[in-house]
Each structure stands twice: as C-alpha cells, then as structure tokens.
1. Could you run the Karplus curve 6.51 cos²θ - 1.76 cosθ + 1.60 with θ = phi - 60° over region 67-76 and give me ³J(HN,Hα) per residue in whole Hz, x for Gly and Pro?
2. Grab the other residues whose beta carbon is less than 14 angstrom from that of Glu140, score K and R as +1, D and E as -1, and report the net.
3. What do you get for Rg/Rh of region 44-102 when both radii come from the Cα atoms and Rh is the Kirkwood radius?
4. Apply the Karplus curve 6.51 cos²θ - 1.76 cosθ + 1.60, θ = phi - 60°, to the phi angles in region 95-105 and return the couplings in whole Hz, x for Gly and Pro.
5. Quickly work out the Gln162-to-Asp33 label distance, labels modelled 7 Å from Cα along the C-beta direction, and quote it in nm with one decimal.
6. Are there any chymotrypsin sites (Phe, Trp or Tyr not before Pro) in region 59-127 that are in a DSSP loop and have at most 11 other Cβ atoms within 10 Å? List them by number.
7. With each label point set 7 Å from Cα along the Cα-Cβ vector, what nm distance links Tyr104 and Tyr81?
8. Considering only Cα-Cα distances, which of the following residue pairs are longer than 20 Å: Lys60/Lys92; Lys51/Lys103; Lys96/Lys123?
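The values are calculated or read from the model by the stated rules, or taken from the named source; none is laboratory data. If you're wondering where the values come from, they're calculated on a predicted model, not measured in any experiment. With ideal geometry, Cβ positions are generated from the backbone for all residues, glycine too; neighbour counts draw on all protein chains shown. SASA here: full protein model, heavy atoms, side chains in, ligands and nucleic acids out. Shrake-Rupley method; radii C 1.70, N 1.55, O 1.52, S 1.80 Å.
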Amino acid sequence: MKGIEAKCITSGHILRSIHLRLDVPYYLFTEEDIINRYRGVHFIRLRDAVKEIRYLPRFKRLWVERKEHGIPYLSASETFYFKPLRVRYISKNLPKLQEFLVKYGWILLECSGTVGRVAFVNKTLEKSFFDNHLIRLIPEDKVPTGYLYAWLLTPLCQRLFQAKQYGMVVK
C-alpha cells in the first residue's frame, strides 16, 4: 500500500536504548533516518536559527472581568482558533507579565497537548497574553522568520516533534 511506512526493530534494540520507549513514532522516524535520507543537506539546530527560545514556568492565573483591567488571554489550543470561543482577561498586575507577552514576528510552538503545532504572531495575536504551554521562538536576522515558520510546518519537522514527544493527553 502506498503511504504506509514500516520499520523493523528488535526487542534488543529497545532494551539497549536508554529511553526504553515503546511508542511507534519514536522509532519510525529517527534523527538517524533523517541524516541518512537527507545526506549532504546542511541542517542547523533550532537554537542556532533563533535569538532566543523562551520556555515559561507554570503560573497562577489572576482573572479579571473588565477589559480595562486585563489583557485578552489565549490558551495554547485557543491560539489556533480563527476566532476564540470565549474572551477572558488576565490581570495587568500579574507578576512577570511581560514574560508572557509576545511580539509581532515571533513564532509560538505548542509543547503540551498537540505537540508541534506552530503559530506565527501576527498583529492580532500580538495583543494577547499566552500561557506557558507555548514555547516562544524569538527570531534572529540570519534566518527569515517566514522560512523558519514554513520549515516548522513541514511533514519532516512535524514528525520530529512527534518522535520526541512523551506522555499523553487524556480528554
């Protein structure tokens, strides 16, 4: 059948691995496979393509009801909605508020839930507060943000995210 990928690994391979993972994506598409498939292509690490990769800690949410006392809040999943289902406001008095705000041209990468979803911060998103489930990629001039964004959306890159994620989401 076209489109189905298969790979054989031995139980010994799993037992010798320091990770002892049993999930299929981890073995189906490894960094070694990429190196072999794209031999001769020059890749750079993500941390070398951006000015900063910002991971944020968990935080206590301070909600406010009135717009003038807060900033529109979007969860990681709401970031990808065309129009958010609800409008909530996080207090402008939240400690370390500035760390959670984003700027036009940044890239947001979901690191919890559906790992690997990518959002480009446009003028609309720039006005919102985002939670800690989104990694902030702050661009550098040497790699155009649009190219980086496009690369992160490729099937190859998405498979890497899938292979490197762990845990599970239960709804």
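1. 4, 5, 9, x, 10, x, 9, 10, 6, 4
2. Spelling it out: positives minus negatives among the neighbours equals +4.
3. Numbers: Rg = 14.2 Å, Rh = 13.5 Å.
Answer for region 44-102: 1.05.
4. x, 6, 3, 4, 5, 8, 7, 10, 10, 3, x
5. 0.9
6. Working: sites: Phe59, Trp63, Tyr73, Phe80, Tyr81, Phe82, Tyr89, Phe100, Tyr104, Trp106, Phe120; in loops: Phe59, Tyr81, Phe82, Tyr104, Trp106.
Within region 59-127, the qualifying chymotrypsin sites (Phe, Trp or Tyr not before Pro) (loop, at most 11 other Cβ atoms within 10 Å) are Tyr81, Phe82.
7. According to this spin-label approximation, the distance is 2.5 nm.
8. Numbers: Lys60/Lys92 13 Å; Lys51/Lys103 14 Å; Lys96/Lys123 22 Å.
Among Lys60/Lys92; Lys51/Lys103; Lys96/Lys123, the Cα-Cα distance tops 20 Å for Lys96/Lys123.
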